[in-house]
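Note sheet for the following structure.
The values are calculated or read from the model by the stated rules, or taken from the named source; none is laboratory data. Keep in mind that what you see is a predicted model, and the values were worked out from it rather than measured. Neighbour counts run over all protein chains shown; Cβ positions are idealised from the backbone, glycine included.
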Amino acid sequence: MTSAATAMLRLLLQRAGDERHRIFLSNWSSVDWQSLTFTGERHRISFVIGGDAPAEFAQLWTAGISEADFDLPGGFVADIALVGTIRLRDDGAALVELEALTLVD
């Protein structure tokens, strides 16, 4: 994982507070991204949420995420959003997928 991805993962887990132990990273992919004026990375992230009422917890954890401020060392999260909806898996856990764009200052 890149330094931006590692920092963003840490910030995402901090949003869950004492319940972060329920969140398991299942996939993270990052690709370089650039425009005429900015450079950064596009991220696609998948988490599995366990414990009691995982879909409800996932809803609380991701509520307002698009408006949240995430400051990264040397950059920032320009855009982050839930992909689709939170889905329950056959094993009862919830699947959360996010997409994000990080930019270098």
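So the values come out like this:
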{"quantity": "Test: F76 is aromatic (F, W, Y), surrounded by 19 or more Cβ atoms within 10 Å (Cβ to Cβ) and over 13 Å from the mean Cα position of the chain (by Cα)", "calculated": "no"}
{"quantity": "Sole residue being surrounded by 17 or more Cβ atoms within 10 Å (Cβ to Cβ) and either in contact with a helix residue (DSSP H, G or I) (Cβ under 8 Å, 6 or more places away or on another chain) or modelled with pLDDT of 95 or more (or both), chosen from A58, A53", "calculated": "A58"}
{"quantity": "Strands (runs of 3 or more DSSP E) within the stretch 10-105 that include 3 or more residues of a type in the set (S, T, N, Q)", "calculated": "23-34"}
{"quantity": "Check on T85, closer than 16 Å to L25 by Cβ, out of contact with any His (no Cβ under 7 Å at 6 or more places or on another chain) and among the polar types (S, T, N, Q)", "calculated": "no"}
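So that you can scan it fast, the table gives a plain yes or no per residue for (1) under 24 Å from D105 (Cβ atoms); (2) touching a residue at least 60 places away in the same chain (Cβ under 8 Å); (3) not basic (K, R):
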site	(1), (2), (3)
M1	yes, no, yes
A16	no, no, yes
G40	yes, yes, yes
S66	yes, no, yes
F70	yes, yes, yes
